[in-house]
Amino acid sequence: MAHYDRDGLVDPHVLYSLKAYRSAFTHITFVSVSADRLPPGYESLADTFIKRDNIGYDFGSWKVGFNALTAKDQFVEIVFVNDSIYGPFFDIEHILLSPNIKDADFWGLTSSHELAWHIQSFFFAMRRGLLSCGAAQRWWDSVRPLERKDEIINRYEIPMADYFLQQRHATKAIYMTPVPARIPWATICSGCDVRAPLQSARQLYYNRLATITNPMIVQWRTAIDAGVPFVKVELLRDNPCGLPLRPVFDYLHRHTRYPTELISAHLRRVAGISA
C-alpha cells in the first residue's frame, strides 16, 4: 500500500481499508512518504512498515515495497493499492474471487480510455504467472523516480497493462469500461481562452478529456454495481466534473455499511468541505 498525507497522518479511512485488507491478505507492506509509523494500537495492520523519501509518487513506493518482499514467486498474487480511495464497501474477497479476472495474470479494478487504454493504478495485481517468470521483476526494475505526476502516468500507469499484454499475459479488469464516443474539440474546450497558445489549448483538451472519460469519476455508480467497492477521493474532494455528490452519500447509506463519517471527517481536514 502506497501512502501519502499532507499532514503526515494515517487517516482513519486508511486504517479502515487496512483492516479490510488484513482479513484478506497474508502479508501487508505499508510504504509511506509522510508518516513515520502507524498510529499506536494499529501496528498489527501491517507486517512491514517502510518510510521513504517523497520521490517517484506511488510507483516509487510500490517498487520499494515489491523489492522488500522475499520469495515473490511463492505468492499467489501481489496486490498494489494506494490511499486515493474510500472503501472497501463490501468484502474484499468478492474482488479476488471475481470470475471477471479468473484467468488474468495482470488485473485491476477498472480499465480506462483516458489518453489511451489502460488499467487504472489505484488497485491492481500481479499474479504468479508474472512473478515466477520474472516479468513482474523486470517491470519494476524499469521504474525510475520521475519528478512529475504526468510523467508517471504517461511512462508507467498507461503502458503497464500493455507491457504484459505484449508478452502474452492475460490482462483484465473487474469493470472493463466501454470505449467512449469521440468528443469534439469544441465541446471539450468550451469556454477556453481563444488567445491561449495552441500547446496550452491542447493540454486543456487532454486534461478535460481525461476527466470526463475517467470511469471512477463519471461512472462511479456503474463501477460499484460492476463490483468495484470504492469511490475515489478525487471525486468527493475535487468533483472535477461538477457532478451532484449527494447521491454518492445516499447510495453508501442505503446499500453499504461503510461508515461515511470517515469520508466526511477526511474531507473536512484536507479540503475544508462539510459533507
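The values are calculated or read from the model by the stated rules, or taken from the named source; none is laboratory data. If you're wondering where the values come from, they're calculated on a predicted model, not measured in any experiment. Every residue, glycine as well, gets a Cβ built from its backbone with ideal geometry; the counts of neighbours run over all protein chains shown.
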_Exactly one condition in (1) of a type outside the set (S, T, N, Q); (2) closer than 24 Å to residue 260 by Cβ; (3) surrounded by 15 or more Cβ atoms within 10 Å (Cβ to Cβ) is false for residue 64; which is it?_
(2)
*Which condition number does residue 144 fail, the rest of (1) farther than 26 Å from residue 255 by Cβ; (2) at pLDDT 95 or above; (3) not in a loop (DSSP other than H, G, I, E, B) being met?*
(3)
*asked:* Among the residues that make up the range 198-221, is at least one of them crowded, with 16+ Cβ neighbours inside 10 Å, more than 30 Å from residue 128 (Cβ to Cβ), modelled with pLDDT of 90 or more and in contact with a Leu (Cβ under 8 Å, 6 or more places away or on another chain)?
replied: yes
*From the set of residues in the range 84-123 that are aliphatic (A, V, I, L, M), part of a loop (DSSP other than H, G, I, E, B) and under 17 Å from the mean Cα position of the chain (by Cα), which is surrounded by the fewest Cβ atoms within 10 Å (Cβ to Cβ)?*
116
_Only listed residue being touching a Ser or Thr at 6+ places or on another chain (Cβ under 6 Å), outside any helix (DSSP H, G or I) and not acidic (Asp, Glu), chosen from 81, 10, 31_ = 31
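Residues are listed down the side, and each one gets a yes or a no for (1) of a type outside the set (D, E, K, R); (2) more than 25 Å from residue 267 (Cβ to Cβ):
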{"residue": "5", "(1), (2)": "no, no"}
{"residue": "16", "(1), (2)": "yes, no"}
{"residue": "66", "(1), (2)": "yes, yes"}
{"residue": "72", "(1), (2)": "no, yes"}
{"residue": "86", "(1), (2)": "yes, no"}
{"residue": "92", "(1), (2)": "yes, no"}
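Here's the yes/no breakdown for (1) assigned to a helix (DSSP H, G or I); (2) of a type in the set (A, V, I, L, M); (3) surrounded by 15 or more Cβ atoms within 10 Å (Cβ to Cβ); (4) in contact with a Phe, Trp or Tyr (Cβ under 6 Å, 6 or more places away or on another chain):
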{"position": "6", "(1), (2), (3), (4)": "no, no, no, no"}
{"position": "14", "(1), (2), (3), (4)": "yes, yes, yes, no"}
{"position": "19", "(1), (2), (3), (4)": "yes, no, no, no"}
{"position": "25", "(1), (2), (3), (4)": "no, no, yes, no"}
{"position": "36", "(1), (2), (3), (4)": "no, no, no, no"}
{"position": "40", "(1), (2), (3), (4)": "no, no, no, no"}
*Criterion (buried (at least 20 other Cβ atoms within 10 Å of the Cβ), under 20 Å from the mean Cα position of the chain (by Cα) and more than 22 Å from residue 101 (Cβ to Cβ)) met by exactly one of 236, 262*: 236
*asked:* Report every pair of residues separated by at least 6 positions or lying on different chains whose Cβ atoms are under 8 Å apart, first residue within the range 261-275 and more than 12 Å from residue 12 (Cβ to Cβ), second at pLDDT 95 or above and of a type in the set (Lys, Arg).
replied: 267/237; 270/6; 270/237; 271/237; 273/237; 274/268; 275/268
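Do you know which residues across the range 246-259 are in a loop (DSSP other than H, G, I, E, B) and either at pLDDT below 95 or exposed (fewer than 15 other Cβ atoms within 10 Å of the Cβ) (or both)?
Within the range 246-259, the first condition is being in a loop (DSSP other than H, G, I, E, B), and the residues that meet it are 256-259.
Hits for the range 246-259 are 257, 259.
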*Matching option when the condition is over 25 Å from residue 257 (Cβ atoms) and at pLDDT below 95, among 27, 94, 113*: 113
